[in-house]
Amino acid sequence: MNTPELQRKSFLLLLVGVSIAFLAILAPFYGAVFWGMVLAIVFAPLQRRLLQRFGERRATLAALVTLSVVLLIVILPTALVAVSLTQEAMVVYEKLKSGQVNVGIYFQQIVAALPAWAVSLLDRLGLGDAGALQAKLSSAAVQGSQYFATQALSIGQNTFQFIVDFGVMLYLLFFLLRDGPYLTNRIRRAVPLDDGHKRSLGSKFATVIRATVKGNIAVAVAQGLLGGLAFWFLGIQGVMLWTVLMAFLSLLPAVGAGIVWLPVVIYFLATGATWQGVGLIVYGVVVIGLVDNILRPLLVGKDTQMPDYVVLISTLGGMALFGLNGFVIGPVVAALFIACWDLFAGPTPAAPPSASAR
């Protein structure tokens, strides 16, 4: 009964079993492992340039230098922004809770400035009761700010877990930078695919991760800073909070930052601050929107070779399933989906000659 076929099937079953068990062990550190891999792929070109300068025998030194660069330009600024955001979120929450800031009153001012037909439309939609709607909006604003404040406090309360995850990420990142080529070759040899397919999919995987991370973060930072500058100039409270929120929402192509500045435009126009409203909408469409229309196709779409609508849908779906990590996972899965089907379909047939050519 101990035939070669049975041995092969038993080994494959064992291989699947230990692989599932290993993934289950890594699951508690999923975020740390994921971002360690992402940062290793993004900074791999820097590691290669340092190796050329230091020499192949000094891979450890090159990895340490690259890790220091990551700490200085990625992790330290992120930590400083997170601390500032937490402080400002707590201030906004306290103001909403105490009634110093009342979202319902702002909405009531907008309704009072609307024409009769717009008020009638709100009545038909069940939004005409200003008092009830004001209470709902105020409650929703308090709950939203409370959620962000709770999340910030939970990070502080789970300091030990955060430190462990952060340490695992840095530790893994160092070894992925130092031993990346060796690990990549081992994975390629183990994957049971054609060599051409492995090279194509591996190249696509790395390219999409680099383009998604660098491109989306560059667009998010640019749009967040530009929007925050406009809010600071207009004297809107909580500039840091709105800047970070616009930067976060800018991860969504086409619709991102407008979710924040468009309601402010509506409020300005409805309350008689016409010049502020017109100025903000022009600034939002021309300046903030131009960043999305120019930078995102250059930094993301050009390298990933995916249409904007695929990038948008995959980003939304990825973030719905995986949270913040989904803005990378979604486009990567979509790009690999397209690449796999392209490989399955074979070479693209040549276009038929035009009638004029005949």
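Rg and Dmax over the alpha-carbon atoms of the stretch 168-276 stand at 21.8, 67 Å. For the stretch 173-303, averaging the sequence separation of C-alpha pairs within contact (under 8 Å, six or more residues apart) and dividing by the residue count gives a relative contact order of 27 percent.
Whole number please: convex hull volume per residue, Cα atoms of the stretch 14-85, in Å³. Working shown, then result.
On the way: hull volume 8.9 nm³, N = 72.
Spelled out: Cα convex hull of the stretch 14-85, divided by residues, is 123 Å³.
Return the inverse of the average 1/r over all pairs of distinct C-alpha atoms in the stretch 225-278, which is the Kirkwood hydrodynamic radius, in Å to one decimal. The partial results should precede the final answer.
Values: mean 1/r = 0.0883 Å⁻¹.
With all distinct Cα pairs of the stretch 225-278 included, I get 11.3 Å.
Against the criterion of solvent-accessible heavy-atom surface with a 1.4 angstrom probe, LEU61, LEU245, LEU173 sort, most first, into LEU61, LEU245, LEU173.
Remark: the stretch 224-233, residue by residue, has Karplus-estimated 3J(HN,Hα) of x, 5, 5, x, x, 4, 5, 5, 5, 5 Hz, where x stands for each Gly or Pro and the curve is 6.51 cos²θ - 1.76 cosθ + 1.60 at θ = phi - 60°.
The values are calculated or read from the model by the stated rules, or taken from the named source; none is laboratory data. Model, not experiment: these values are computed from the prediction. Only protein heavy atoms, including side chains, enter the accessible area calculation; ligands, DNA and RNA are left aside. Shrake-Rupley method; radii C 1.70, N 1.55, O 1.52, S 1.80 Å.
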